[in-house]
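*Asks:* Starting off with a structure, shown below.
The values are calculated or read from the model by the stated rules, or taken from the named source; none is laboratory data. The structure presented is a predicted model; accordingly, all values stated were derived computationally and were not measured. Cβ coordinates were reconstructed from backbone atoms using ideal geometry, including for glycine residues, and neighbour counts include every protein chain displayed. Only protein heavy atoms, including side chains, enter the accessible area calculation; ligands, DNA and RNA are left aside. Shrake-Rupley method; radii C 1.70, N 1.55, O 1.52, S 1.80 Å.
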Amino acid sequence: MKQPQSANEKPTTALNFLEQIIQKDLKEGRAGGRIHTRFPPEPNGYLHIGHAKSICLNFGLANKYNGKCNLRFDDTNPTKESLEYVNAIREDVRWLGFDWEDREYYASDYFEKLYEMALFLIRKGKAFVCEMTGEEIAEGRGTPAIPGKLSPWRERPVEENLDLFERMRKGAFPDGSKVLRAKIDMASPNMHMRDPVMYRIMRATHHRTDDKWCIYPMYDWAHGQSDYLENITHSICTLEFEVHRPLYDWFLDNLEIKDNRPRQYEFARLNLNYTVMSKRKLLELVEGGYVNGWDDPRMPTISGIRRRGYTPASIRMFSDKVGVAKRENVIDMALLEHCVREDLNKNAPRVMAVLDPVKLVIDNYPDDHTEELQAICNPEKPEDGHRIVPFSKTLYIERSDFLEDPPKKFFRLSPGKEVRLKYAYIIRCEKAVKDASGNITAIHCTYDPDTKSGMGSTKKVKGTLHWVSAEHSVEAEVRLYDRLFNEPSPDNAAGDGDFKESLNPLSLKIGKALVEPSAGDAKAGDRFQFERTGYFCIDPDSQPGKLVFNRTVSLRDSWAKQQKDK
RNA sequence: UGUCCUGUGGUGUAAUUGGCAACACGUCUGACUCUGGAUCAGAAGAGUCCAGGUUCGACCCCUGGCAGGACAACCA
């Protein structure tokens, strides 16, 4: 039996309940010491950060314990599924950094086997063809507190069931006219055991099996058996399937499966504050035009988060930190942001960009003169070297970096005060020029030539500002994103109202920025830290002469926080 | 008023299976800094849903409550 490697790497790390189960299973030699999981999405929508947790969990467990993880599409309902979603899901899982090798499976691959297994149950008298309508079945099922009624077709002879079921497959009956049901217990306190439907007649073209089938298996019937057919050892799903587990086991029992039985385990799904996670609500946001598609950078979808500039490593780190347990949870968005900052701080090259420019003129600097200054690409990674940043008489700085009448502890520019221009000189503010309505149109300064960066000047100032040279800077569009909702839990906050009422109208602000020339030829997907403001990435909408940056997340800003708290 | 699951700092997750609760995020100090970033040092914050019981000793075991969640698609 193999010993889990990671257990040796991180002996002090506490194990989550699934890891404890797995280690116990490994120790006891269950399934021959084999670990095999699967990520089983239904291709009926885009994956979101909650799915990312499941992906990281399933693939992560397999990696950690030298096992395997399959990608299996749970495609048993052709009316809702499509190839578009299949492809999007594949891309997302791959982007997250996981490899299912040649194990890309589909529940639809098992339709024939599932059909034969159903025949087996019919022959055992454990399944029957029911001719009640959908409404009748629903009524007859009772309620959690009231037992259901037996179907009038429940005691049909085996031969008749066999004949009917075969003809169902052949298309002898209209859609919805008959179903195959497991014969279990209409009085069970567990609703899922009240003769659940296994097959329905549905003439729909399937994205893989085309029109080959007109009967399709239901989730409970297909899922567990698919797990078995793939030799899955640990079938991990979310809490809402907990009540399905007795049925999952019933099918295995009655199919008389003794060896290599998969087991189902449930964990609590991920919830994030200030967003919604249900597919239905996400779809509503897309279709109602509240966002610009599934990959809108404000969406909690994997494609949205990717476009926003998050890295796969940051998502994996996040999944790791949120933990795995069985109790409902709401994770703070701040944790997700912490994870990207951590990754990007180490890996994103720095660049200077001014988001809200105001002109700054250095009166004693020669006209028409340009200096090429050396700037470090990433202080966290000296090996990345330097870049050149042009400096000249007329610059732009951030409007918020100047205050005529500054409060205490304002380390930036104000009349008579000195600051350093990053990588350049220390300047002193002489005066601000305003227009008729009092807006500042230009700030005039003088510089001290002896304070050039790298010259070893000992002069100290409290503040350092980022800037760009007016003549050399490149104009770019910046899309500043904020949380999509104003309420920590939009679902509940609305009460009986609409969750969309708590949508943040300021979740997207589009602006123009001036960027230093070294970032002028950035390509889609490139990520940067704009010094002092945040992490940004190039959006796919970006064109060679027309850059578009998305703000992934701002830098932590203790000054802004301090001001806000006042 | 049926069945099942869950209750540990603000948030999330631990506690070597009974030995007076740890880690992360967040928060707050301070140091350092040519990013008010990063880094470093430190602090505050729970006595584990409640009530009993077992035990020398309970977050952990037992009993009874309470609270929250899941389940009544021919969805997954």
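*Asks:* If you average 1/r over all unlike Cα pairs in region A:410-486 and invert the result, what Kirkwood radius do you get in angstrom?
*Replies:* Details: mean 1/r = 0.0671 Å⁻¹.
Taking every pair of different Cα atoms in region A:410-486, averaging 1/r and inverting gives 14.9 Å.
*Asks:* Then there is this: Classify region A:357-466: rounded, prolate or oblate, from the alpha-carbon gyration tensor (a ≥ b ≥ c, eigenvalue square roots; a/c under 1.5 rounded; otherwise prolate if a/b is larger than b/c)? Walk me through the numbers before you get to the answer.
*Replies:* Values: a/c = 1.82, a/b = 1.55, b/c = 1.18.
Prolate, because a/c is 1.5 or more and a/b exceeds b/c.
*Asks:* Next question. If the only charges are +1 at each Lys and Arg Cβ and -1 at each Asp and Glu Cβ, what is the size of the charge dipole of chain A around the Cα centre, to the nearest 20 debye?
*Replies:* Working: 85 positive and 87 negative charges, 281 e Å.
Its charge dipole is roughly 1360 debye.
*Asks:* When only Cα pairs under 8 Å and 6 or more residues apart are kept, what is the percent relative contact order across chain A? Numbers along the way, then the final one.
*Replies:* On the way: 1074 pairs, mean separation 61.6, N = 566.
Averaging sequence separation for qualifying contacts and normalising by length gives 11 percent for chain A.
*Asks:* Mean Kyte-Doolittle of at least 0.5 plus a Cα span of 20 Å or more along the axis: flag which DSSP H helices in chain A meet both, please.
*Replies:* Details: long enough: A:49-64 (21 Å, 0.37); A:333-347 (21 Å, -0.49).
Counting only whole DSSP H runs, no helix qualifies.
*Asks:* I would also like to ask the following. Which value, in debye to the nearest 20, describes the size of the charge dipole of region A:162-275 about its Cα centre when Lys and Arg Cβ atoms bear +1, Asp and Glu Cβ atoms bear -1, and nothing else is charged? The partial results should precede the final answer.
*Replies:* Numbers: 16 positive and 17 negative charges, 73 e Å.
Using Cβ point charges on Lys, Arg, Asp and Glu, region A:162-275 gives about 340 debye.
*Asks:* Now a separate question. May I ask what percent, to the nearest 5, of DSSP beta bridges between residues of chain A are antiparallel?
*Replies:* Working: 60 of 86 bridges.
The antiparallel fraction comes to roughly 70 percent.
*Asks:* Going by amide H atoms built from the backbone, whose H comes under 5 Å of the H on A:His48, apart from near neighbours?
*Replies:* When sequence neighbours closer than 5 places are left aside, the close amide H contacts are A:Ile302.
*Asks:* Students often get this wrong, so check it: of A:Lys359/A:Lys462; A:Lys183/A:Lys281; A:Lys258/A:Lys326; A:Lys68/A:Lys321; A:Lys417/A:Lys561, which have C-alpha atoms separated by over 30 Å? All intermediate terms of the calculation are to be shown ahead of the outcome.
*Replies:* Details: A:Lys359/A:Lys462 21 Å; A:Lys183/A:Lys281 36 Å; A:Lys258/A:Lys326 28 Å; A:Lys68/A:Lys321 23 Å; A:Lys417/A:Lys561 23 Å.
Long pairs (Cα-Cα over 30 Å): A:Lys183/A:Lys281.
*Asks:* Follow-up. Give me the log10 of I(q) over I(0) for region A:30-269 at q = 0.12, 0.15 Å⁻¹, as the Debye formula computes it from C-alpha points; what are the numbers?
*Replies:* Relative scattering, expressed as log10 I(q)/I(0), comes to -0.71, -1.08.
*Asks:* Per residue of region A:502-510, in order, report the coupling 6.51 cos²θ - 1.76 cosθ + 1.60 (Karplus, θ = phi - 60°) as ³J(HN,Hα) in whole Hz, putting x for Gly and Pro.
*Replies:* Karplus values, whole Hz, x for Gly and Pro: 9, 4, 7, x, 9, 5, 9, 10, 9.
*Asks:* What distance in nm lies between label points placed 7 Å from Cα along the C-beta direction at A:Glu131 and A:Thr238?
*Replies:* 4.0
*Asks:* In region A:285-437, if every C-alpha pair distance is counted and binned at 5 Å from zero, what percent goes to each bin?
*Replies:* 1, 7, 11, 12, 12, 13, 12, 11, 10, 6, 3, 1, 0, 0
*Asks:* Moving on to the next point. Could you calculate the FRET efficiency of A:Ala334 with A:Lys546 from 1/(1 + (r/R0)^6), where r is the beta carbon distance between them and R0 is 45 Å, rounded to 0.05?
*Replies:* Values: r = 33 Å, r/R0 = 0.74.
According to the calculation, E is roughly 0.85.
*Asks:* Moving on. Between A:Thr205 and A:Arg280, take the C-beta separation as r, use R0 = 25 Å, and let me know the FRET efficiency to the nearest 0.05. Show your work: numbers first, answer last.
*Replies:* On the way: r = 24 Å, r/R0 = 0.96.
About 0.55, to the nearest 0.05.
*Asks:* Label points 7 Å out from Cα along the Cβ direction at A:Asn190 and A:Val361: separation in nm?
*Replies:* Reported label-point gap for A:Asn190 and A:Val361 is 8.1 nm.
*Asks:* Gain in length, A:Glu256 to A:Glu112, computed as 0.36 nm per residue apart minus the alpha-carbon separation, to one decimal in nm?
*Replies:* Numbers: separation 144, 0.36 × 144 = 51.84 nm, distance 1.86 nm.
Extending this stretch completely gives an extra 50.0 nm.
*Asks:* In Å, the Kirkwood hydrodynamic radius of region A:301-343 over pairs of distinct alpha carbons? Write out the running numbers ahead of the final one.
*Replies:* On the way: mean 1/r = 0.0913 Å⁻¹.
One decimal place: 10.9 Å for the Kirkwood radius.
*Asks:* Once amide H atoms are placed 1.01 Å from N in the peptide plane, what residues at a sequence separation of 5 or more from A:Ser489, or on another chain, have their amide H within under 5 Å of its amide H?
*Replies:* Long-range HN contacts for A:Ser489: A:Tyr274.
*Asks:* Restricting to Cα pairs below 8 Å that are 6+ residues apart, what does the relative contact order work out to for region A:357-466? Please round to a whole percent. Working shown, then result.
*Replies:* Details: 218 pairs, mean separation 30.6, N = 110.
After rounding, I find 28 percent.
*Asks:* About its Cα centre, how strong a charge dipole does region A:391-437 have in debye, to the nearest 20, once Lys and Arg get +1 and Asp and Glu get -1 at the Cβ?
*Replies:* In total the dipole reaches around 200 debye.
*Asks:* In chain A, if the dipole is taken from +1 on Lys/Arg beta carbons and -1 on Asp/Glu beta carbons about the Cα centre, which of A:Ser278, A:Thr311, A:Ser457 is farthest to the positive end?
*Replies:* After comparing all options, I get A:Ser457.
*Asks:* On to the next question. Between A:Leu395, A:Ala436, A:Pro406, whose Cα lies farthest towards the positive end of the dipole of region A:357-466 when Lys and Arg beta carbons carry +1 and Asp and Glu beta carbons carry -1, centred on the Cα centre?
*Replies:* The one lying farthest along the dipole's positive direction is A:Pro406.
*Asks:* Let me ask something additional. From the backbone phi of region A:300-305, what are the Karplus-calculated ³J(HN,Hα) couplings (6.51 cos²θ - 1.76 cosθ + 1.60, θ = phi - 60°) in whole Hz, Gly and Pro given as x?
*Replies:* These are the phi-based 3J(HN,Hα) values: x, 6, 4, 5, x, 5 Hz.
*Asks:* Under Stokes-Einstein, with the Kirkwood radius over Cα pairs standing in for Rh, what whole-number D in µm²/s applies to region A:462-566 at 20 °C and 1.002 mPa s?
*Replies:* Working: Rh = 15.9 Å.
For these conditions, the coefficient is 135 µm²/s.
*Asks:* Another question about this same structure. Any idea what diffusion coefficient chain A gets from Stokes-Einstein, in µm²/s, Kirkwood Rh on alpha carbon pairs, 10 °C, 1.306 mPa s? Could the numbers behind the result be given before it?
*Replies:* Values: Rh = 27.8 Å.
Answer, rounded: 57 µm²/s.
*Asks:* With a 1.4 Å probe and all protein chains left in place, how much of the accessible area of region A:105-222 comes from carbon and sulfur atoms, in whole percent? Provide the component values of the computation, followed by the final result.
*Replies:* Numbers: 3000 of 5490 Å².
Carbon and sulfur together cover 55 percent of it.
*Asks:* May I ask you to work out the translational diffusion coefficient for region A:64-104 at 4 °C, viscosity 1.567 mPa s, via Stokes-Einstein with Rh from the Kirkwood sum over Cα pairs, reported in whole µm²/s? Spell out each step's value before the answer.
*Replies:* Values: Rh = 11.6 Å.
For these conditions, the coefficient is 112 µm²/s.
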